[in-house]
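The values are calculated or read from the model by the stated rules, or taken from the named source; none is laboratory data. What you see is a predicted model, and the numbers here were worked out from it, not measured in a lab. For neighbour counting, all protein chains shown are included, and Cβ atoms are generated from backbone atoms with ideal geometry for every residue, glycine included. To get the accessible areas, we keep the full protein, side chains included, count just its heavy atoms, and leave off ligands, DNA and RNA. Shrake-Rupley method; radii C 1.70, N 1.55, O 1.52, S 1.80 Å.
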Amino acid sequence: QECSKKQKNDDTQSTSVDGLSADDGFGEKNEFHTLANAKIFLSDCLACDSCMTSEEGARVFQQNQKEFFHILNLNKKCDTSKHKVLAVSICPQSLPYFAAKFNLSVNDAAKRLCGFLKSLGVHYVFDTTIAADFSILESQREFVQRYQRRNQEEHALPMFASACPGWIRYAERVLTNLVTSHICTAKSPQQIMGSLVKGYFARQKNLSPDKIFHVVVAPCYDKKLEALREDFYTALYNSQEVDCVLTSGEIVQIMEQKNLSMKDVTEVAVDSLFDEIKEGDVVRHEGKRSDGYLEHIFKHAAKELFGIDVKEITYKALKNKDFQEVTLEKDGETVLRFAAAYGFRNIQNLVLKLKKGKFLYHFVEVLACPGGCLNGKGQAQTEDGKPDKALLNQMEEVYAAIPVRLPETNLHVQKMYQDWLEGMDSKKAQETLHTQYSAVNQTASNLDIKW
């Protein structure tokens, strides 16, 4: 079957909704009535139409500026019983977009973005890097455990990264359990951030999770789909871990319709989840365009399994720049073989090899977007929907210049493992930081999809 991911934005079958109505449900015009009247197309999202139900499509369309402004206006009403604490979490791959677009340093961009959001009425602005710390640490541990069980369990290896929701949706809805059983169970940084905000932070502030409205600013539309997963919903509080996802481009759209530039707003330090302290300079993980799961897991596995300290990783490009491999040799034998596969063409080739039993890799960092997360379709796109290559090059330079911090060195994370999660191997840590992926509602009976 022809994959509908190839549809263009002007596809007549695409569906759109208005991002904001004039009265926002209150029967009167509010102060945001002139703001973004955005339209989101199914073809903007990496998940194809055949992977998305009509109900999911409707719920995705609700995750736009309209819902964000609805909460902002609710908080301006006199009835405080309906007020919500509005928290926004910003993905690390979104910050270089704002820095490059407005010609700012990444630290200035973070502070000005925080200032802009708070000028709208947001209470807290967080950086999701700490959530990626947890996700990487859990992925590292899981890989080592899978490697040690590889001779006892058929599906222990290879292990596929689980951070990209476009890849996860494709694997669950189109591929079989042959693939989903190999996906790492660690939650993505977005959803761990949801647990941190509605779990840890809510408890610190003595708030019920449903009293917090949690927005994530992300590079791609697929994050909207991820936020809707049933396993990220708490029935007791009728609350999702992430209530709304806005892309970086949607945030800029709000600025434009407010006739503001990032340079027009006051710098405000980004909040921390811990007490009243503020975040310092922006840091990132190893990896050129993403959170660097391959590099972190590779170095950790080399040390834990073979006692080898890997300082620098050498990538070997294969068929294209979005398909690269890394190997570790010991005593003349290749003991670890990792790959980075970005874009669905490369993903499809890997899956075909897995099906044919010709799969050589122990771990694959899978990302749906060619070029990785910085090239998410929610940012760095021209008006006609094509990648803005000049801006993307600037973003890559900005991202590469951000200092690297190893997850193991984050003292807050180590403390939270003990105080909040009751230890790294506890049941609570497993329930909070992990989930399960399995084939559901398969729409294709084979892998012969044209790309």
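Within the stretch 228-284, the residues that satisfy the criterion of being under 19 Å from the mean Cα position of the chain (by Cα), outside any loop (DSSP other than H, G, I, E, B) and at pLDDT 85 or above are Gln240, Cys244, Val245, Leu246, Thr247, Ser248, Gly249, Glu250, Ile251, Val252, Arg284.
When Val252 is tested against (1) among the β-branched types (Val, Ile, Thr); (2) touching a residue at least 40 places away in the same chain (Cβ under 8 Å); (3) within 22 Å of Ala163 (Cβ to Cβ), just one condition goes unmet, and that condition is (3).
For the stretch 92-99, the criterion of being modelled with pLDDT under 95 and among the small types (Gly, Ala, Ser) is met by none of the residues. Within the stretch 109-122, residues that are in contact (Cβ under 8 Å) with a residue 24 or more places away in the chain reach partners that are among the acidic types (Asp, Glu) and open to solvent by 10 Å² or more (accessible area, probe 1.4 Å) with beta carbons closer than 7 Å, at six or more positions or on different chains, in the pairs Lys111/Glu267; Arg112/Glu267; Gly115/Glu267.
When you scan the stretch 296-318, do you find a residue that is closer than 18 Å to Cys369 by Cβ, open to solvent by less than 30 Å² (accessible area, probe 1.4 Å) and not in a helix (DSSP H, G or I), even just one? Taking every residue of the stretch 296-318 in turn, none turns out to be closer than 18 Å to Cys369 by Cβ, open to solvent by less than 30 Å² (accessible area, probe 1.4 Å) and not in a helix (DSSP H, G or I).
Just one of (1) of a type in the set (A, V, I, L, M, F, W, C); (2) in the same structural domain as Val125 (by the TED database); (3) open to solvent by 40 Å² or more (accessible area, probe 1.4 Å) fails for Met262. It is (3). Taken over the stretch 70-117, the criterion of being of a type in the set (Val, Ile, Thr) and not in a helix (DSSP H, G or I) is satisfied by Val85, Val88, Ile90.
When you scan the stretch 196-227, how many residues do you find that are part of a helix (DSSP H, G or I) and surrounded by 23 or more Cβ atoms within 10 Å (Cβ to Cβ)? The qualifying residues number 10. When you go through Ala341, Ala400, Ala368 one by one, which is the residue that is within 27 Å of Val144 (Cα to Cα) and either open to solvent by 70 Å² or more (accessible area, probe 1.4 Å) or out of contact with any Cys (no Cβ under 9 Å at 6 or more places or on another chain) (or both)? Exactly one of Ala341, Ala400, Ala368 is within 27 Å of Val144 (Cα to Cα) and either open to solvent by 70 Å² or more (accessible area, probe 1.4 Å) or out of contact with any Cys (no Cβ under 9 Å at 6 or more places or on another chain) (or both), namely Ala341. Applying the set (1) assigned to a helix (DSSP H, G or I); (2) crowded, with 24+ Cβ neighbours inside 10 Å; (3) of a type in the set (Ser, Thr, Tyr) to Ser162 leaves exactly one unmet item: (1).
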